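Inspection log for the structure reproduced underneath, given as structure tokens.
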Number of protein chains: 4
Amino acid sequence: MDEFKFHAKMPIFVARQWVRHRTASINEYSARFSILDKEFYIPEPEVMGIQSKSNRQGRDESVSKEQAEAIKKLLIEDAARNYEHYEFMLNDDGMGKPKDPERDMFARELSRMDLSLNFYTQWYWKTDLHNLFHFLHLRADPHAQYEIRVYAEAMSGILKDAVPLAWEAFEDYELYATKLSRPEQQVMAQVMKENNISFSKDEILNSAGSTGMTNKREKEEMLEKFEKLGLIKK
Amino acid sequence: MDEFKFHAKMPIFVARQWVRHRTASINEYSARFSILDKEFYIPEPEVMGIQSKSNRQGRDESVSKEQAEAIKKLLIEDAARNYEHYEFMLNDDGMGKPKDPERDMFARELSRMDLSLNFYTQWYWKTDLHNLFHFLHLRADPHAQYEIRVYAEAMSGILKDAVPLAWEAFEDYELYATKLSRPEQQVMAQVMKENNISFSKDEILNSAGSTGMTNKREKEEMLEKFEKLGLIKK
Amino acid sequence: MDEFKFHAKMPIFVARQWVRHRTASINEYSARFSILDKEFYIPEPEVMGIQSKSNRQGRDESVSKEQAEAIKKLLIEDAARNYEHYEFMLNDDGMGKPKDPERDMFARELSRMDLSLNFYTQWYWKTDLHNLFHFLHLRADPHAQYEIRVYAEAMSGILKDAVPLAWEAFEDYELYATKLSRPEQQVMAQVMKENNISFSKDEILNSAGSTGMTNKREKEEMLEKFEKLGLIKK
Amino acid sequence: MDEFKFHAKMPIFVARQWVRHRTASINEYSARFSILDKEFYIPEPEVMGIQSKSNRQGRDESVSKEQAEAIKKLLIEDAARNYEHYEFMLNDDGMGKPKDPERDMFARELSRMDLSLNFYTQWYWKTDLHNLFHFLHLRADPHAQYEIRVYAEAMSGILKDAVPLAWEAFEDYELYATKLSRPEQQVMAQVMKENNISFSKDEILNSAGSTGMTNKREKEEMLEKFEKLGLIKK
């Protein structure tokens, strides 16, 4: 099966969600080994949502403009200060010598602990198409955190170009499919029954034709499902 | 997560399908190490299907009674003869000595090659509830071969007793769920539109009430789906 | 990481051992879907070992020439007869029509159960270098059954050509490495102590030089190990 | 196989190393969903190592006492300030209401990004004995970062109590085993040859006896290895 490898750079708190998809191989830039760049994520005011009331792990509309500015200032100051302290502890002149010869160079694997979770890390992430679709299905979903969703959406755009037919099938049969539970099917059948609504197979197939559905097997499967949903005259 | 361990005995050709579910740990009785029992599977006449015409990997209605008898006879004779030869090659008196002292005891790992695929093997098979449901979804499906489906169905019965609530949720939201592809949704919306059919949310909720649906969140999700399917008045 | 894909054909009892390595993707020729060829494995007389006495899952020296001939005859007759019956049940003229129009074509997924475990199946088997080395380590091992070992050895030959440096490292540090348990190390140290044997680091390094070892880090690691084994003067 | 479940609390940078062992199931406390406690890791002065010169991902001896104090002060101040800002952004009175009613409650999934990598997270981590030993082998190793090693060592202590026999076997045959590469074996054989040293099997077995080795099979395997190493008279 085809495999896809992405070189991605993302805030550490995003990497921590991403890494939970375990069916991929990851090669991450190591802050034990190397020095992280001074790059950190600050959300745009329009995505600075307030804590959601209905969903404990979500956000609602944005905070006020003033508050957004205040938070932005705070986040930038903290990240900048922590990075300054990170560099101070490392005490590295970029050539492997101490910048300040009076002080030791503190270990990289320790200095990094002062960086905040919005600093960027980067990795090579490789997986096959099947697992990639699964990842995108979960992470391009509106319930995923916005900050990982933008990655899922960018990756979707790449895939759409790379494997347009597979992508369309993924959209048709997975991403935009609607799964009706047994109780939901019962409600639909009940609605049809109470309103005396039902169609002949030909009526359904006529409508199918006008939406452009042509595949015979696809039509048969559809009729089978519509029958279970109570839409078809017996 | 809860884990389930099954001690199962099945024909080798069934084990070969089963083993493809890799997210389980398996401890199989070894025919390199031990001697297999004289136990083999012979299908009942009513499941002795003819080769399917529409589905190359399926079967249709049963062969004639006479033919079923002929095949049964053949399968039994072959299995019995092959097992006899297996025992002959092993030449084992059950106490680790040759039954016939004139002949060597042929290695178990070689003798077994004469057994046919309907002989029974057995194993301990352990997996968690999530992967077990996935297995049952695929193998209790009408498209699965009958001979593995009966195992999936027996395991389903056990699960139903062991975790009745989880089982019901599995039935409602997985096993008996109907997944409508994007093209199928378009056809449904088209059917509704062409026939000028649409319902108010209250009409839907009334029908939902008469099927026994009470959960508020479940109702909201349902309305969202029905809206996508073109059933709800805008 | 590099991946390797093999197209392999092997007796079903070999496939059953092979499939236990789960970190590979497999695409097997399906006997539900297609008709297996008349090809089966018959061991050469020189590998027709008798049941091992010391190792229940092994074999020792070969059975007598006469017995080998007798077993060979038996295996060939059984496989040929079972295949004949397989074809009889399938009743397929190769064009999807019954050879004998008086009889139904018995389903492929059922007919196959009469074939014995020495019939050949085939698959595409894909894995990465790391897992491939692990597979070869276990299956090219003298304790592996001869019939799977020959595959591991053939695959080793291919790898050796394809990735000579990685292969040599695999041989040096995995395949031909010797792992001394803590008790074994204690015995070695005891032997040295009781016989008043110990060497200076220079003596060891001299010998290392004459075997061609030049890498500094390799030498240091070796000295560290030899010290633990009691070979080096303190 | 037996499974072990640990409830562990560790700095986020430790969790990030730990999570790379993918053959375990993890249930982590979510900072999208909940509010993290004010708990962060500050290394003791004696483990505040300077950047290693020989190993880019390691540390050597500790920095000076004065420098350790300075770094400690910095880390504490930064963590305390960032947590204060975290609480300020959350603006949560602990009852789901804003502490300061003039300001919105900023989303948890966003506020957390200001916390530094030495804050504690916690999880349930479950794996089987085989994978647990593999984890401990890598993470109790002197090359692992000290901060994860202390967890590996604590878990080792628990295992030692829980499964003393399996633990001893793990120590004898894995943790404290010494793996000699093929080049190392060649050097050892060369050393023995150049110095005209070799032993009879009985001499070896005598020494084995005095170290307490009694198992017959263990002795045979040892002799086989020692022979490969050139220690045994031919």
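Residue count for the stretch D:103-127 satisfying the condition of being touching a Leu at 6+ places or on another chain (Cβ under 8 Å) and more than 8 Å from chain A (Cβ to nearest Cβ): 4. Could you tell me which of the residues B:F4, B:F13 is assigned to a strand (DSSP E or B) and either more than 10 Å from chain C (Cβ to nearest Cβ) or modelled with pLDDT of 95 or more (or both)? Exactly one residue qualifies, and that residue is B:F4.
The set of residues in the stretch D:26-52 being under 30 Å from A:R22 (Cβ atoms), facing chain A (nearest Cβ under 10 Å) and assigned to a strand (DSSP E or B) consists of D:I26, D:E28, D:F40. Evaluating B:N27 against the criteria (1) farther than 15 Å from B:Y151 by Cα; (2) surrounded by 15 or more Cβ atoms within 10 Å (Cβ to Cβ) leaves one unmet condition, (2). Candidates in the stretch A:147-162 are the residues that are within 13 Å of the chain's Cα centre (by Cα) and touching a residue at least 24 places away in the same chain (Cβ under 8 Å); of these, the one that is most open to solvent (accessible area, probe 1.4 Å) is A:Y151. Within the stretch A:124-146, which residues are open to solvent by 60 Å² or more (accessible area, probe 1.4 Å), under 8 Å from the mean Cα position of the chain (by Cα) and under 14 Å from A:V19 (Cβ atoms)? Once the filter is applied, which keeps residues that are open to solvent by 60 Å² or more (accessible area, probe 1.4 Å), under 8 Å from the mean Cα position of the chain (by Cα) and under 14 Å from A:V19 (Cβ atoms), the stretch A:124-146 yields only A:L138. The condition of being among the aromatic types (F, W, Y) and over 24 Å from B:Y86 (Cβ atoms) does not hold for B:Y120.
Candidates in the stretch C:53-73 are the residues that are open to solvent by less than 30 Å² (accessible area, probe 1.4 Å) and either more than 7 Å from chain B (Cβ to nearest Cβ) or assigned to a helix (DSSP H, G or I) (or both); of these, the one that is modelled with the lowest pLDDT is C:G58.
Could you tell me which residue of the stretch C:74-101 is surrounded by the most Cβ atoms within 10 Å (Cβ to Cβ), considering only residues that are in a loop (DSSP other than H, G, I, E, B) and among the basic types (K, R)? Don't jump to the end; show me each part of the working.
Start the filter on the stretch C:74-101 by keeping residues that are in a loop (DSSP other than H, G, I, E, B), which leaves C:91, C:93-97, C:99-101.
In the following step, the residues that additionally are among the basic types (K, R) were identified as C:97, C:99.
On the way: C:K97: 10, C:K99: 14.
Ranking the candidates gives C:K99 first.
The selection criterion, being over 28 Å from the mean Cα position of the chain (by Cα) and either within 15 Å of A:F40 (Cα to Cα) or of a type outside the set (S, T, N, Q) (or both), holds for A:D100.
Answer with yes or no whether B:E44 is without any contact (Cβ under 8 Å) to a residue 40 or more places away in the chain, farther than 30 Å from B:K5 by Cα and open to solvent by 60 Å² or more (accessible area, probe 1.4 Å). When the stated conditions are applied, B:E44 does not pass them. In the set (1) assigned to a strand (DSSP E or B); (2) within 28 Å of D:L223 (Cβ to Cβ), C:T127 fails one condition alone, (2). Scan the stretch B:163-221 for residues that are open to solvent by less than 30 Å² (accessible area, probe 1.4 Å), more than 8 Å from every other protein chain (Cβ to nearest Cβ) and either over 17 Å from A:T178 (Cβ atoms) or in a loop (DSSP other than H, G, I, E, B) (or both) and the total you get is 3.
In the stretch B:222-234, of all residues being facing chain A (nearest Cβ under 8 Å) and part of a helix (DSSP H, G or I), the one that is most open to solvent (accessible area, probe 1.4 Å) corresponds to B:K228.
The values are calculated or read from the model by the stated rules, or taken from the named source; none is laboratory data. Fair warning: this is a prediction, and the values are worked out from it, not measured in the lab. We place every Cβ from the backbone using ideal geometry, glycine too, and count neighbours over all the protein chains shown. All accessible areas refer to the heavy atoms of the entire protein, side chains included, with ligands and DNA or RNA removed. Shrake-Rupley method; radii C 1.70, N 1.55, O 1.52, S 1.80 Å.
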